[in-house]
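The values are calculated or read from the model by the stated rules, or taken from the named source; none is laboratory data. Remember, it's a predicted structure, so these values are computed and weren't measured experimentally. Neighbour counts run over all protein chains shown; Cβ positions are idealised from the backbone, glycine included. Keep in mind that these areas ignore ligands, DNA and RNA; they rest on the heavy atoms of the full protein, side chains included. Shrake-Rupley method; radii C 1.70, N 1.55, O 1.52, S 1.80 Å.
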Amino acid sequence: GKRRGTIGSASLAALPFVIPCPATSSELDAVLALGGGGAEAVREALHRVLAGAHIRLREENRPKLARLAVLLLRKLQALAAASPPRLGETAPLAAALRSIAAQAPLEVAQACIDRLLAARAQWLRLRRDAAAGGDGGEDRDGGSEEGSEGCGGGAGGGGRRKRWLVPLPPGGLALVACCVQLYPASDYRHAVLSPCA
């Protein structure tokens, strides 16, 4: 039988030894489909991409890896937002993002900040649309829509005010989960995660 965590020889044989670094979503999808698309085959395909585009080989690989990080973050969000969610396919993407972050920390941090800010803007739009539609509930902790841009309401203020409770969409949640794994926040102010709060 096969040992757990290994790729079958047929899937491994189907993978090219050298896989070019994808620069577009369609190229990334083609890489993810190699070897039958199983999680272990995807992990190995991404490992081969990263080995060929390592920054130690050529400094010119840095922008390629930065672009790949953006593509991986978007794909991670899309898999989480799919109906039904395809969360089982996200682990190899997160592993590849960790590897890229080790090589190009500033570029990955900027990509994470950009995606987090985009997810926040989407959430605020959904919240504003819900408020305009009148689907909100009463805020029991005294927070107001004006002063509670984040997930919680403000303290104090007295009285019951409307607050539109809209959950963060699945793609945004997956992004937050990935970023917390990449950048465990031990401080109140964190260089990557705090600007998005």
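Averaged across orientations, what area in nm² does the convex hull of the alpha carbons in segment 52-116 project?
On the way: hull surface 17.1 nm².
Across all orientations, segment 52-116 yields a mean hull projection of 4.3 nm².
Kindly state, to the nearest 0.05, the FRET efficiency for Q110 paired with A14, given R0 = 30 Å and r defined as their beta-carbon distance. Present the calculation step by step, with values, prior to reporting the outcome.
Numbers: r = 35 Å, r/R0 = 1.16.
Computed FRET efficiency for Q110 and A14: 0.30.
3J(HN,Hα) along segment 178-184: 5, 5, 5, 6, 5, 10, x Hz, from the Karplus curve 6.51 cos²θ - 1.76 cosθ + 1.60 with θ = phi - 60°, whole Hz, x for Gly and Pro. Summarising the label geometry, the points placed 7 Å from Cα in the beta-carbon direction at A177 and E60 lie 3.9 nm from one another. The modelled label-to-label distance for the pair A39/R86, using points 7 Å beyond Cα in the direction of Cβ, is 1.5 nm.
Here segment 88-135 is treated as a sphere whose radius is the Kirkwood value from Cα pairs; by Stokes-Einstein at 37 °C and 0.692 mPa s it diffuses with a coefficient of 256 µm²/s.
Would you please give the FRET efficiency between A30 and L126, computed as 1/(1 + (r/R0)^6) with r the Cβ-Cβ distance and R0 = 35 Å, to the nearest 0.05? Provide the component values of the computation, followed by the final result.
Numbers: r = 32 Å, r/R0 = 0.92.
Efficiency, rounded to the nearest 0.05: 0.60.
Counting protein heavy atoms only, segment 75-124 has 60 percent of its accessible area on carbon and sulfur, 1.4 angstrom probe. With a simple spin-label model that places each label point 7 Å from the Cα along the Cα-to-Cβ direction, the separation between A94 and A23 comes to 3.1 nm.
Residue-wise HN-Hα couplings along segment 22-28, as the Karplus relation 6.51 cos²θ - 1.76 cosθ + 1.60 with θ = phi - 60° gives them from phi, are x, 10, 9, 4, 5, 5, 5 Hz; Gly and Pro carry x.
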